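S.K.: Got a structure for you, questions after.
None of the figures in this text is laboratory data; all of them are computed from the coordinates on show. All of these numbers come straight from a predicted model, not from anything done at the bench. Note that we place each Cβ from the backbone using ideal geometry, even for glycine, and neighbour counts take in every protein chain shown.
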Amino acid sequence: MKKEIHLNWFYPYPTETIWKYLTDPELLRQWSSIHKTTPFEAREGFEWTEQQKPRRGWDGIMYLKVLEVVPNQKLSYSLKGGPKPGELSLDTIVTYELTSVDGGTELHLSHTGFEGFKGAFTAFIMEKGWMKIFNKRFRKFINEQIVNV
Amino acid sequence: MSRTTYDSFLAIADTSRREILMMLTKEKKSINTIADSFNISRPAISKHIKVLADTGFINIENKGRERVCSLNSKGFEEIQNWVNYFEEFWTKELGNLEMLLKKNEEG
């Protein structure tokens, strides 16, 4: 089961340009759906929310908070959400990393630490005596669902 | 009226519900058999079972007078759906950035 998202994207522009588009509130508003309502501030601790289309188990509200800012290199923030305010079952981290490459910039986006998922699953698997009572079939099933990334 | 919607994570975040899933890894069990193994009230067990059924972790079938529960992989797939959802979401975001850059920087 895939538990992390990693995307690589090449942009034929210098890292400074990409950084500007990742952090300037006016530019962000033009391309990013998570920066439509609150002017972004690229500083640690900055918090904002953004409404997305709700789906099953999620009211569509993203709770975001800047964790790390390394100009022209790295920007990360936490992304939380859940079925209703106060119940944040989704607790994840989004990171943008920029690398200067020949002819432009490589952007690596990762969305990791699906703690709501992983925490619950770990607890589920590590439960006392769990492995002993596993039958072969379900062990295979769990392997397919969780261990394979 | 308003029904609490549980997602897959909340569903298995609860100890009793995980215990129920564990019991079902061995074999199918009736709701009565499950309830007998717990010290909590039958309505509470019924609610847990309903949450697990609603989130796709178990199936319930009627066998005579008994209602029998068995494991279902759908709940686990739902979690995968979240990852898929965000993968698509970010791909769209990065594509939008590319389009704006093209428009602004090459104009």
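S.K.: Over the whole of B:87-97, what's the average partner chain Cβ count within 10 Å per residue? Rounded to a whole number, please.
M.R.: The mean count of partner-chain Cβ atoms within 10 Å per residue comes to 6.
S.K.: Read phi for every residue in the range A:92-108 and hand back ³J(HN,Hα) as whole Hz from Karplus 6.51 cos²θ - 1.76 cosθ + 1.60, θ = phi - 60°, with x for Gly and Pro.
M.R.: 9, 10, 10, 10, 10, 10, 10, 10, 6, 10, 3, x, x, 9, 9, 9, 10
S.K.: Another question about this same structure. Need one number: nm distance between label points at A:S33 and B:R67, each 7 Å from Cα along Cα→Cβ, rounded to one decimal.
M.R.: Here the modelled spin labels are 3.7 nm apart.
S.K.: How many nm separate the modelled label positions at B:L100 and A:K65, each set 7 Å beyond the Cα in the direction of the Cβ?
M.R.: The answer from the label model is 2.5 nm.
S.K.: Sticking with this structure for a sec: What nm value, rounded to one decimal, do you get for the distance between A:Q51 and B:F89 when each label is placed 7 Å out toward the C-beta?
M.R.: If labels sit at A:Q51 and B:F89, their model points lie 1.6 nm apart.
S.K.: Averaged over its residues, how many other protein chain Cβ atoms are within 10 Å of peptide A:80-92's Cβ atoms?
M.R.: Partner-chain Cβ atoms within 10 Å, mean over residues of A:80-92: 3.
S.K.: List, in the order given, every pair from A:K20/A:K84; A:K53/B:K102; A:K80/B:K92 whose Cα-Cα distance in the structure shown is over 30 Å.
M.R.: Checking Cα-Cα distances, A:K20/A:K84 exceed 30 Å.
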